[in-house]
Amino acid sequence: MQAEIIAVGTEILLGQIVDTNSAFIARELAEAGIEVYYHSLVGDNATRLTAVVEQARSRSDLVIISGGLGPTKDDLTKQTVAHLLGVKLVEDALAMAKIRRRFAINGREMTPNNRLQALYPAGSQPLANRTGLAVGAFYQDPDGADIMLLPGPPSETEPMFREQALPLLKQTYPRSEYLSSRVLRFFGIGESQLVTQLSDLIDQQTNPTIAPYAKVNEVTLRLTAQAPDEMQGQRLLDDLTATIKARVGDYLYGYGDDNSLAAMVVQTLIDRQLTITAAESLTAGQFQSTLGSVPGVSAVFPGGFVTYAASAKHDLLGVSQATIDQDGVVSAATAKEMASRSRERLDTDFSLSFTGVAGPDALEGQPAGTVWLGLAQRGQQPQAKLLHLTGTRSAIRERSVLTGLDWLRRTLQKVK
């Protein structure tokens, strides 16, 4: 079963918005055992859209199109596809009733063009839109490729695909083999080094397969196994995961497409009932903001400090003036004191500190990218870690935060 995904929208071509639908749909199809061979992007133009759809139908069994189902003049997808299939557009009564209710509730008069959102190609199965107004459609062509139409906004596409389209596709295209996949996430190791460590496993490409992907500040591996049932597929993935962990497990921090280093650290703190604070200079609160983005963090993070000036480090944290005068603010001594003093002030189990030079200018004779991290743990002597980073100010700050999170992750693994 071979599928193709087409994203429609001139605003995507112009770079005004990013097409996240295609990536989402491709991941969902892979989980369902449907292979995607091509992705296409076309603007809101009937002639070019027709050409792209005709090409897709000539080489794929299923064509999924997202975007262009709205009420405006440049929403041409369903009209173009209906013309291509030689069918009329018909109205979905439930979708039309929903549109009328929406306008009535808002006290607005419904203009005729809004009826377009309730239309779909005759002979299709309409797909209800729980979060929006434009109805989707699934057209099964006995003489060619099947076509599925989905709305453009991700907030509408994703629930429609999961709730309406995916069950329909699984029913329409039953499979004899199951595809099971797993994403492994790594920090602190580059793609080339990771691939080198696992070169024999990657080169075999038997079953399961390994696909490496380099992302900003991390590398992921997607493992994919084919098996007669899901249980056997998971067993294959477990065995390969164990082999990978034996080689590069120190860098493995989590699993899944939506996982993050911060989420994993926060969950570990919650599970072990441990608390964390922070004292930030270089990162200006970015570490605490990253923690704060994780739901449930308030159970383990009572608050923290942002101390840019040397006087703030002394007055708010209690870093000794002698340390600042003798070692400077960009130093191991200051990083250690920032961590230990902040931990003591909020009586937490851990504290991380960040001090250094984000650039573009040097500070205390230290070049941009010089970063000291401090880690204080209840009952232990504080530690410091020196980083030499490159890039923009924002890149240095982000890398510092992630390195701090990873240092905490590794430390937590040793806590009994």
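What the table shows:
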{"item": "Which numbered condition Asp75 fails, given (1) open to solvent by 60 Å² or more (accessible area, probe 1.4 Å); (2) within 27 Å of Asn114 (Cβ to Cβ); (3) among the acidic types (Asp, Glu); (4) at pLDDT below 95", "result": "(1)"}
{"item": "Those residues of region 170-188 which are modelled with pLDDT under 95 and closer than 24 Å to Asp258 by Cβ, in sequence order", "result": "Lys170, Tyr178, Leu179, Ser180, Ser181, Arg182, Val183, Gly188"}
{"item": "Residue list for region 144-180, restricted to those being in a helix (DSSP H, G or I), open to solvent by 10 Å² or more (accessible area, probe 1.4 Å) and in contact with a Leu (Cβ under 7 Å, 6 or more places away or on another chain)", "result": "Gln164"}
{"item": "Filter result (among the hydroxyl-bearing types (Ser, Thr, Tyr), under 22 Å from Arg410 (Cβ atoms) and touching a Leu at 6+ places or on another chain (Cβ under 9 Å)) within region 261-315", "result": "Thr268, Thr275, Thr277, Thr290"}
{"item": "Residue within region 324-333 that is outside any loop (DSSP other than H, G, I, E, B), closer than 29 Å to Ile189 by Cα and not aliphatic (A, V, I, L, M) present", "result": "no"}
{"item": "Residues within region 56-72 that are out of contact with any Ser or Thr (no Cβ under 6 Å at 6 or more places or on another chain), of a type in the set (S, T, N, Q) and open to solvent by less than 40 Å² (accessible area, probe 1.4 Å), tallied", "result": "1"}
{"item": "Residue selected from region 201-218 under the condition in a strand (DSSP E or B) and open to solvent by 90 Å² or more (accessible area, probe 1.4 Å), by the criterion nearest to Thr403 (Cα to Cα)", "result": "Lys215"}
{"item": "Region 334-370, residues that are over 37 Å from the mean Cα position of the chain (by Cα) and either within 15 Å of Thr307 (Cα to Cα) or among the small types (Gly, Ala, Ser) (or both)", "result": "Gly365"}
{"item": "Test result for Glu398, among the acidic types (Asp, Glu) and either crowded, with 18+ Cβ neighbours inside 10 Å or in contact (Cβ under 8 Å) with a residue 40 or more places away in the chain (or both)", "result": "yes"}
{"item": "Candidates Arg341, Arg378, Arg397 - the one that is under 19 Å from Val216 (Cα atoms) and of a type in the set (D, E, K, R)", "result": "Arg397"}
{"item": "From the options Leu237, Leu198, residue that is touching a strand residue (DSSP E or B) at 6+ places or on another chain (Cβ under 6 Å), modelled with pLDDT of 90 or more and open to solvent by less than 20 Å² (accessible area, probe 1.4 Å)", "result": "Leu237"}
{"item": "Residue pairs meeting the criteria (Cβ under 8 Å; at least 6 apart or on separate chains; first closer than 13 Å to Arg343 by Cβ, in region 288-306; second open to solvent by 80 Å² or more (accessible area, probe 1.4 Å) and of a type in the set (Ser, Thr, Tyr))", "result": "none"}
{"item": "Pair list, Cβ under 6 Å, 6 or more apart: region 189-202 residue touching a residue at least 40 places away in the same chain (Cβ under 8 Å), other residue part of a helix (DSSP H, G or I) and of a type in the set (Lys, Arg)", "result": "Gln197/Arg247"}
{"item": "Selection from region 330-355 of residues that are polar (S, T, N, Q) and either in contact (Cβ under 8 Å) with a residue 60 or more places away in the chain or open to solvent by 30 Å² or more (accessible area, probe 1.4 Å) (or both)", "result": "Ser342, Thr348, Ser351, Ser353, Thr355"}
{"item": "Number of the condition not met by Arg102 [criteria: (1) touching a residue at least 12 places away in the same chain (Cβ under 8 Å); (2) open to solvent by 50 Å² or more (accessible area, probe 1.4 Å); (3) charged (D, E, K, R); (4) outside any helix (DSSP H, G or I)]", "result": "(4)"}
{"item": "Only listed residue being touching a Lys or Arg at 6+ places or on another chain (Cβ under 8 Å) and part of a helix (DSSP H, G or I), chosen from Ala56, Ala95, Ala82, Ala30", "result": "Ala82"}
{"item": "Any hit, region 125-143, residues being closer than 20 Å to Thr50 by Cβ, open to solvent by 50 Å² or more (accessible area, probe 1.4 Å) and modelled with pLDDT under 95", "result": "yes"}
{"item": "Ala358, sole failed condition from (1) in contact (Cβ under 8 Å) with a residue 40 or more places away in the chain; (2) part of a strand (DSSP E or B); (3) touching a Lys or Arg at 6+ places or on another chain (Cβ under 6 Å)", "result": "(2)"}
{"item": "Selection within region 105-124 - assigned to a helix (DSSP H, G or I) and open to solvent by 30 Å² or more (accessible area, probe 1.4 Å)", "result": "Ile105, Pro112, Asn113, Arg115, Leu116"}
{"item": "Residue pairs meeting the criteria (Cβ under 9 Å; at least 6 apart or on separate chains; first in contact (Cβ under 8 Å) with a residue 40 or more places away in the chain and closer than 13 Å to His388 by Cα, in region 361-375; second open to solvent by 60 Å² or more (accessible area, probe 1.4 Å) and of a type in the set (Lys, Arg))", "result": "Val371/Lys385; Val371/Arg399; Trp372/Lys336; Trp372/Lys385"}
{"item": "Index of the failed condition, Thr206 passing every other in (1) over 18 Å from Leu179 (Cβ atoms); (2) at pLDDT below 90", "result": "(1)"}
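The values are calculated or read from the model by the stated rules, or taken from the named source; none is laboratory data. On a predicted model such as this, the values are computed, not experimentally measured, just so you know. All Cβ positions, even for glycine, are placed from backbone atoms using ideal geometry, and neighbour counts span all protein chains on display. SASA here: full protein model, heavy atoms, side chains in, ligands and nucleic acids out. Shrake-Rupley method; radii C 1.70, N 1.55, O 1.52, S 1.80 Å.
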